[in-house]
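Participant: The structure is given below, and queries will be raised subsequently.
The values are calculated or read from the model by the stated rules, or taken from the named source; none is laboratory data. Keep in mind it's a predicted model, so treat the numbers as computed, not measured. Every residue, glycine among them, receives a Cβ derived from its backbone with ideal geometry; neighbour counts consider all protein chains shown. For accessibility, only protein heavy atoms count, side chains too; no ligands or nucleic acids. Shrake-Rupley method; radii C 1.70, N 1.55, O 1.52, S 1.80 Å.
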Amino acid sequence: METRITVRAHPGAIRSGVMRYQEGIWHISITAPAASGKANRALVNYLAELLDIPKQDIEIERGLTGRTKLVRICGLTEEEATRLIKTGL
């Protein structure tokens, strides 16, 4: 079981957190800068903590160098992932 979500990363924020869900995209702020993959690693770490799953179960499939990313989440249905991400709002 796996699901995919679209995330718009906002690196360099004061704190990491879910900002909003708009037009099918989760907007998530990340404290790490957008340099050398730091924001991508921070996003994966944040989602793993929020969803209570291992980091290995989260993969950025598309958008490694851009702000809009397609993220694959293993072990959760879309409904479960959505419910858990909403707790970060």
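Participant: For residue 59, are the conditions met, namely being in a strand (DSSP E or B) and either small (Gly, Ala, Ser) or open to solvent by 40 Å² or more (accessible area, probe 1.4 Å) (or both)?
Facilitator: Yes.
Participant: Could you check residue 72 against (1) surrounded by 13 or more Cβ atoms within 10 Å (Cβ to Cβ); (2) assigned to a helix (DSSP H, G or I) and say which number it fails?
Facilitator: Evaluating residue 72 over (1) surrounded by 13 or more Cβ atoms within 10 Å (Cβ to Cβ); (2) assigned to a helix (DSSP H, G or I) leaves (2) as the failure.
Participant: On the basis of being hydrophobic (A, V, I, L, M, F, W, C), touching a helix residue (DSSP H, G or I) at 6+ places or on another chain (Cβ under 8 Å) and not in a strand (DSSP E or B), does residue 13 make the cut?
Facilitator: no
Participant: So, residue 53, is that one at pLDDT 95 or above, among the hydrophobic types (A, V, I, L, M, F, W, C) and either farther than 19 Å from residue 13 by Cα or open to solvent by 40 Å² or more (accessible area, probe 1.4 Å) (or both) or not?
Facilitator: Here the answer is yes, as residue 53 does meet what is asked.
Participant: Sticking with this structure for a sec: Scan the range 23-38 and give yes if some residue there is modelled with pLDDT of 95 or more, in a helix (DSSP H, G or I) and open to solvent by 20 Å² or more (accessible area, probe 1.4 Å), otherwise no.
Facilitator: Looking through the range 23-38, at least one residue is modelled with pLDDT of 95 or more, in a helix (DSSP H, G or I) and open to solvent by 20 Å² or more (accessible area, probe 1.4 Å).
Participant: Take residue 4 and decide whether it is surrounded by 16 or more Cβ atoms within 10 Å (Cβ to Cβ) and assigned to a strand (DSSP E or B).
Facilitator: Spelling it out, it is not the case that residue 4 is surrounded by 16 or more Cβ atoms within 10 Å (Cβ to Cβ) and assigned to a strand (DSSP E or B).
Participant: A further question on this structure: If you check residue 20 against the conditions, is it farther than 14 Å from residue 88 by Cβ, in contact (Cβ under 8 Å) with a residue 60 or more places away in the chain and out of contact with any Cys (no Cβ under 6 Å at 6 or more places or on another chain)?
Facilitator: So residue 20 does not fit the description; no.
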